[in-house]
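In what follows, a single structure is set out as structure tokens and then discussed.
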Amino acid sequence: MENIVYFSDQFFSTGRKDIWNRSKEKIGVLDLKSAFTSDVNVENADGELMVQGGFPFLSGKWLIKQGDGTELGEVKGNISFFSKSYRYTSNRGRFEIESPAFSREYRVVDENGKEAATFKKVNGFFEAPAYELINMSTSLLTDELIAVVMGVNAIEKRRNAAASSGGA
């Protein structure tokens, strides 16, 4: 069964944003910890910490942990010239995250080539990124995938910042 959720980043990447289901019911909160870091917490509707995501000190990999600190996996960018490519490695397998170069839609595919999830940016041009996440996986938690999406977003922000400062 598909699980569809909606959530967004903030323009300055700080603050708390609600997570909604398809019926527009609040099912949790995405806590963007600070404007100075990319760290996020995913909380359920009762305010319990479910999943954390962030870059470890001086690392380009986005680490995802359960609320109790148990490591779930990591997201890292792959080098690709004509597409956006990432990999999520977890204790349940390796997942490729792919998107054509100028697309706003991403596919998460397991090691057997089966689609585990999709997500897409559903915002306007000058708004903070908002996402629609569809979880089709029986092994990946929706909270975990929200942290994966935010990891891809954080890696892209870092790449864009490096590219814009490198040309000056």
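Key figures for this structure:
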| read-out | value |
| --- | --- |
| Any hit, the stretch 72-93, residues being touching a Phe, Trp or Tyr at 6+ places or on another chain (Cβ under 8 Å) and part of a loop (DSSP other than H, G, I, E, B) | yes |
| Any hit, the stretch 20-29, residues being part of a loop (DSSP other than H, G, I, E, B) and either touching a Phe, Trp or Tyr at 6+ places or on another chain (Cβ under 7 Å) or buried (at least 19 other Cβ atoms within 10 Å of the Cβ) (or both) | no |
| Residue count for the stretch 118-135, restricted to those that are touching a Ser or Thr at 6+ places or on another chain (Cβ under 6 Å), hydrophobic (A, V, I, L, M, F, W, C) and at pLDDT 90 or above | 1 |
| Condition check for residue 134: of a type in the set (A, V, I, L, M) and crowded, with 17+ Cβ neighbours inside 10 Å | yes |
| Residue within the stretch 123-131 that is of a type outside the set (Phe, Trp, Tyr) and in a strand (DSSP E or B) present | yes |
| Search result, residues across the stretch 136-168 that are modelled with pLDDT of 90 or more, under 20 Å from residue 84 (Cα atoms) and not aliphatic (A, V, I, L, M) | 151 |
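A quick yes/no check of all residues on (1) at pLDDT 95 or above; (2) loosely packed, with under 13 Cβ neighbours inside 10 Å:
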residue	(1), (2)
17	no, no
37	no, no
57	no, yes
72	yes, no
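The values are calculated or read from the model by the stated rules, or taken from the named source; none is laboratory data. Keep in mind the model is a prediction, meaning the values are calculated, not measured. Virtual Cβ from ideal backbone geometry, glycine too; neighbours counted across all protein chains shown.
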